[in-house]
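Have a look at the structure below before the remarks.
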Amino acid sequence: MKLHLTDMRVLKPLLFFGLSLPLLWLLWQWGLLFTGKTGALGANPIEATNRFLGDTALRILLLTLAITPIRDVIKWAPITRFRRMIGLFAFFYVSLHLVSYFGMDLLFSVTALLKDIAKRTYITLGMTGFVLLIPLALTSTNTMIRRLGPKRWNRLHKLVYLIALLGVLHYFFMTKGNQPGPWLHLGILLLLLGWRVVKSNSLYKFNGIKIARR
Amino acid sequence: MIKISKPWQLSENQCTPEKLYLNRRQIIGSIGLTSSLLATEAQAKTKSATTPLQLTAKASEWSITDPQTPEAMATSYNNFYEFGTDKTDPAKYAKAMTTDPWTITVEGEANKTGTYSVQDLIRPDELEERIYRLRCVEAWSMVIPWIGVPLRKILARFEPNSSAKYVQFETKFEPSQMRGTRWPVLDWPYVEGLRMDEAMHDLTLMAVGMYGRELPNQNGAPLRLIVPWKYGFKSIKSIVKIRFTSKQPSTSWEKSAPREYGFYSNVNPDVDHPRWSQATERVIGGGSFSSLFSRRKTDPFNGYGSAVAEIYAGMNLKRNF
């Protein structure tokens, strides 16, 4: 049987590989460090690793929200079949981000973690986002979708909008000064959410015109 | 309304594009470069002007003996938001800053105000090498051999009057050369300040070099402050203005987040930054792989307490953070 490039059996492994690249790059950089070389992670590799994992997690999370607008623009419905994998990768990178902060920054001190969560706004926001992601990751299987029923499942997964906002706010509250990075990510998030608002409004108006003409 | 152009008014397409105008020196410079390529080999060798100048300086008793941060790290990992908020940005983009000619304007409560050159302020025979620990407010530290002149010697020449209680410093602000200033990360230009007794303390250095050479742009060329018992951001870079004031001057980080950064900003392990602990610090460039994970305990006043604690006697340092 011949496989075409547009076949899901080709596209999905390709996407899996693409979403793994940030991690593979990071492992390669840590390999360099282990052999005593300074790589792209620079003079403070722990900070660079935390930042890189956080950036990657937030960007992949925003990518899951970009699937619907991309589908609407390129008019190719099968693209939504990638969303689960992208969402799970977002969860994976958020988890790695947390592990790198907890392990390398706090040296696995639970008291330090609890203190941070209670005391530091950006950690509180980030942790809330992570905790809310857990039920979404757990209910990502076909069995769970069936068990919850599509309506309830959909309602639960609307949480991703709040989680993405928490991610951007976490970024805002962790930076010093008024940096452009958080604004850029907020802008992208608002664009992606705005698309949905405009679309639902325009569908309503379209129906309205139809009714008026009748 | 009909717009009638006056004969002397130029249309948009008759103007020199701003980009070309702003780059005019570069363009002329590149013409020079082309012609020098045609010149003899001997002439071509004069391009050594771009390599940093070696500086000779006396050793100082203030120097610490801790292992020094590798030069490559001290010059490639630092904050200089005028060139971007990533700590690798200064090394990437600070080359665009012109440091010659450079003038320093002295204003305010002093007898000898005016405009000075770097050479007016820095006398080669006064240069000292000071190996200091630099403690960043972000909880990392480096050990850097600076070369400079004690600030007190420079300030004394301006003859500050009795109203001069504080001194404020200002960093160069030139958006065409400093890409980070095109976004309002902070209220540009960057300003910092010291109380007069802090400025006149012998530890406070006006640095012009590091690691035996003149300062690279990313570390604050051609001259910057080093106040080793305070968080790094107090050690203002690329100074163009010195102003003697009677009132406590505002500082950039205090303006940006008064809850997080105070005027004094003395290194203090007992006063946390609202977003992270200041009890320990990561030592940059520790050498071994395992040292990446270790942290050292932060010392009060960054270890310079025996020299400076007395000037804060009776002050509540938790409130005056």
What is the local net charge at A:ILE46, summed over the other residues whose Cβ is closer than 14 Å to its Cβ (Lys, Arg +1; Asp, Glu -1)? 0
Can you tell me the length gained on complete extension of the stretch B:ASP202 to B:ARG259, counting 0.36 nm per residue apart and subtracting the Cα distance? 17.5 nm
Any idea what the dipole of chain A comes to, in debye rounded to 20, about its Cα centre with Lys/Arg Cβ at +1 and Asp/Glu Cβ at -1? 1420 debye
Excluding residues fewer than 8 places away in the same chain, name every one of the aspartates and glutamates whose C-alpha is closer than 14 Å to that of B:LYS318. B:GLU260, B:ASP270, B:ASP272
Test of understanding: ordering A:PHE34, B:PHE289, A:PHE172 by Cβ neighbours within 10 Å, fewest first, what list do you get? A:PHE34, B:PHE289, A:PHE172
Point-charge dipole on Cβ atoms (K/R +1, D/E -1) for the range B:219-302, about Cα centre, debye to 20: 320 debye
Taking 0.36 nm per residue of separation and subtracting the Cα-Cα distance, what length does fully extending A:THR111 through A:LEU15 add? 30.7 nm
State the Cα centre-to-centre distance between the range A:110-136 and the range A:148-200 in whole Å. 17 Å
For the range B:263-294 and the range B:81-104, what is the centre-to-centre distance using only Cα atoms, to the nearest Å? 25 Å
Using the Kirkwood formula on the Cα atoms of the range A:46-199, what hydrodynamic radius do you get, in angstrom to one decimal? 16.5 Å
Can you sort A:LEU186, A:LEU114 by how many other beta carbons sit within 10 Å, fewest first? A:LEU114, A:LEU186
Dipole in debye (nearest 20) - the protein assembly as shown, about Cα centre, beta carbon charges: Lys, Arg +1; Asp, Glu -1: 3580 debye
Placing +1 on the Cβ of each Lys and Arg and -1 on the Cβ of each Asp and Glu in the protein assembly as shown, which of B:THR245, A:TYR93, A:TRP28 has its Cα farthest towards the positive end of the resulting dipole? A:TYR93
For B:PHE293, B:PHE83, what ranking results if the residue with the fewest other Cβ atoms within 10 Å of its Cβ goes first? B:PHE293, B:PHE83
Cα to Cα, under 20 Å, and not fewer than 8 places away if on the same chain: which aspartates and glutamates meet these conditions relative to B:LYS92? A:GLU47, B:GLU71, B:GLU82, B:ASP100, B:GLU174, B:GLU214
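A short reminder: the numbers here are calculations on the coordinates, not readings from a lab. Here the structure is a predicted model, which is why all the values come from computation and not from measurement. Here the Cβ is made from the backbone with ideal geometry for all residues, glycine too, and neighbour counts use every protein chain on show.
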